[in-house]
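Accompanying notes for the structure given below.
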Amino acid sequence: MSLLQPVNRARRRALWLQEVLALEPEAESGEPLTGSHRADVCIVGGGYTGLWTALHIKWLDPSVDVMLVEADFCGAGASGRNGGFVNGWWEKLPMLVETYGEEEGVRLARESAAGVAAIGRVCADYDIDADYRAGGILLTATAPAHLGSWEEAIRATRERGFDVFERLEPNEVARRAGSPVHLGGVLDRTGARVQPALLARGLRRVAVAHGVRIWEQSPVIEIVRGRPPVVRTPFAAVAADKVVLAINAWLAALPEIRRAVLPMSSDMVATAPIPERLREIGWTGDEAVADEHMMVHYYRTTKDGRIAFGKGGCSHAYLGRITRQFEDPGPRVARTERSFRRIYPALADVPITHTWTGPIDRSETNSLFFGHLDGNPDVIYGVGYSGNGVGPSYIGGRTLASTALELRDEWQGSPINRGPRSQYPPDPIRYFGGNLVRSAVLQKESDLNADRPSRPVVELLNRFVPSGLRGPEAHGSAADA
Ligand SMILES: Cc1cc2nc3c(=O)[nH]c(=O)nc-3n(C[C@H](O)[C@H](O)[C@H](O)COP(=O)(O)OP(=O)(O)OC[C@H]3O[C@@H](n4cnc5c(N)ncnc54)[C@H](O)[C@@H]3O)c2cc1C
């Protein structure tokens with residue numbers, strides 16, 4: 001038996017979710033599941049991972065009976081609160097090749113980028129009005145030391161014949177991103193952006209149309225590990241041949257995952273609609289922008305002319321517990337707003353109207369992994385997106401679908417489907433050490449912005465950053481929220 005942790009509901013929903021609720025006021029008030037049920041596959045979690053898994057299963061074999069249970073409403077987790085950057089893994093190609101070998105590394109990069117295009121196609125084919133715009137992702141340096149951090153990714157892709165990055169002159173980068181604080185950059189042409197919560201709700205609608213039985217307001221409190229496994233909610237039980245845990249950082253409640261995933265927050269602010277001011281500063285294109293700081297800044301405009309601006313990694317969980325600090329933004333919002341004001345000094349007077357936060361499932365290697373619970377091949381999971389799950393959840397769902405259907409294909413057999421590759425130290429070392437390292441990372445960020453050297457102790461503590469995140473040379477993705 002395994003207990004899952006409770007899912008708290010944010011006191012104030014994210015901008016994107018408020019937009020959804022204006023269109024679908026009933027979304028929050030679904031009837032919970034009651035009684036005893038049987039399904040071929042029961043998916044726990046109604047974010048992108050759960051919804052794509054359900055859809056891939058139905059596309060592969062429409063006769064499979066799929067149930068999905070969600071604690072809140074579909075999209076209320078990270079999938080409805082993120083920055084809406086839809087990107088694949090071209091920037092991570094050197095890391096993918098190093099970790100998984102040439103063939104699989106290139107396949108994963110190619111498939112992740114194909115997933116970005118597939119999301120656009122699904123939106124078009126099924127009338128999902130999620131404001132999907134394929135304007136690319138501008139990877140930029142907002143500190144002199146970060147200039148050129150994308151070179152290795154450009155070399156790795158071009159060497160293999162993939163022409164995905166477009167070099168831009170520094171003044172062009174500053175012009176497109178609407179601020180001279182951008183010192184240089186490169187455009188990942190394969191990226192896109194969406195209104196993330198509308199995407200999640202659209203996928204829910206398509207899944208229902210494919211016959212997936214979705215129950216919201218039905219938190220799973222317990223997984224009974226048996227044959228078949230049983231999923232228990234406060235008023236119901238579902239026995240299924242396969243259970244798919246698609247619950248993002250909440251998965252860290254389970255003992256086999258606790259040290260493999262560190263729940264971290266990513267925080268966002270949004271301005272009032274300022275279409276005129278966007279025209280004045282010259283940010284009129286559809287590209288989303290990310291810088292190269294370890295606690296990345298990521299920002300984009302919205303359909304009604306706001307800027308939605310986020311900062312990754314500002315706090316983390318003790319013992320993997322997702323407390324209210326992952327639902328209601330606290331003092332960290334001030335830091336995110338300060339970053340926005342630094343990067344857009346010309347918008348100093350523009351009001352911030354929305355603030356929100358959400359959980360990120362940061363793995364030690366900064367990349368996702370799939371597997372099954374110890375001794376329970378019928379209870380499978382996918383986690384570890386590490387702040388880059390909007391695009392990759394498409395192939396994440398494909399991997400989970402293949403595993404649930406026991407297909408012997410390249411997804412089921414992929415090395416990403418063999419559990420965690422490494423672990424964090426145990427708490428409380430991870431928690432207290434992590435706080436110390438985070439302070440040092442933030443100090444280094446200020447030093448880099450000011451173009452001054454950091455004190456030796458700051459440099460020393462920065463060396464304890466998890467392996468997958470150690471600076472641009474570690475091939476992390478600048479767009480990882
Ligand atoms: C602020 C923020 C900004 C981000 N920006 C980006 C970005 O721009 N681009 C990008 O690629 N990625 C971004 N990410 C990451 C991205 O949002 C996630 O990787 C992705 O949404 C993960 O989808 P998921 O379905 O795995 O998780 P979620 O969307 O979190 O879905 C998990 C679901 O499981 C449910 N759940 C949990 N426990 C239970 C239970 N016991 N019973 C039933 N249901 C349960 C939750 O309510 C939730 O709905 C961001 C994340 C955040 C928080």
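Structural remarks
- Relative to the longest principal axis of the Cα atoms of the chain, the long axis of helix 429-449 lies at roughly 30 degrees.
- Over the stretch 54-117, volume per residue of the alpha carbon convex hull, in Å³: 135 Å³
- Scattering profile of the chain at q = 0.06, 0.09 Å⁻¹ [log10 I(q)/I(0), Debye over alpha-carbon scatterers]: -0.24, -0.55
- Normalised per residue, the volume of the convex hull around the Cα set of the stretch 321-382 (Å³): 141 Å³
- Prolate/oblate/rounded label for the stretch 235-375 (Cα gyration tensor, a/c 1.5): prolate
- Extension gain (nm, one decimal) between residue 9 and residue 31, 0.36 nm per residue minus Cα-Cα: 6.3 nm
- Of the chymotrypsin sites (Phe, Trp or Tyr not before Pro) found in the stretch 178-260, those in coil by DSSP whose Cβ has at most 11 other Cβ atoms within 10 Å are 235.
- Charge context of residue 77, other residues only, Cβ under 13 angstrom, K/R +1, D/E -1: 0
- Each peptide among 418-431, 363-376 gets the average number of other Cβ atoms lying within 10 Å of its residues, and from highest to lowest they stand as 363-376, 418-431.
- Prolate/oblate/rounded label for the stretch 177-223 (Cα gyration tensor, a/c 1.5): prolate
- Residue-count net charge about residue 373 - beta-carbon cut-off 10 Å; Lys, Arg +1, Asp, Glu -1: -2
- Spin-label model, residue 338/residue 60: points 7 Å from Cα along the beta carbon direction are separated by 4.8 nm.
- Within the chain, percent of DSSP bridges classed antiparallel, to nearest 5: 70 percent
- Note on residue 286 and residue 459: the extension gain reaches 58.6 nm, defined as 0.36 nm multiplied by sequence separation minus the Cα-Cα distance.
- Virtual paramagnetic centre 7 Å along Cα→Cβ of residue 407, amide N under 18 Å, in the stretch 378-392: 380-382, 392
- Sparse packing (at most 15 other Cβ atoms within 10 Å of the Cβ) combined with a DSSP loop state is found for the following trypsin sites (Lys or Arg not before Pro) in the stretch 361-415: 408.
- Residues 267, 409, 125 in ascending order of nearby Cβ atoms (within 10 Å, fewest first): 125, 409, 267.
- With a cut-off of 18 Å on the backbone N, the residues of the stretch 16-54 near the modelled label site 7 Å out from residue 127 along Cα-Cβ are 23-24.
- The stretch 285-349: chymotrypsin sites (Phe, Trp or Tyr not before Pro) falling in loop per DSSP and having at most 14 other Cβ within 10 Å: 318
- Share of Cα-Cα pairs in the stretch 215-311 lying beyond 17 Å, as whole percent: 68 percent
- Distance from the alpha carbon centroid of the stretch 309-379 to that of the stretch 185-252 works out to 20 angstrom.
- Distance between the modelled labels on residue 323 and residue 439, one decimal in nanometres: 1.8 nm (7 Å Cα→Cβ projection).
- Counting neighbouring Cβ atoms within 10 Å and putting the fewest first, the residues 138, 51 line up as 138, 51.
- Of 119, 221, 247, 380, the sequence from fewest to most neighbouring Cβ atoms within 10 angstrom is 221, 380, 119, 247.
- Relative counts (whole %) of C-alpha pair distances in the stretch 1-98, using bins that are 10 Å wide: 12, 33, 33, 18, 3
Readers should treat all values here as calculations from the given coordinates under stated rules, not as data from a laboratory. In this text, all values refer to a predicted model and were calculated from it rather than measured experimentally. So basically every Cβ, Gly included, is an ideal-geometry build from the backbone, and we count neighbours across all protein chains shown.
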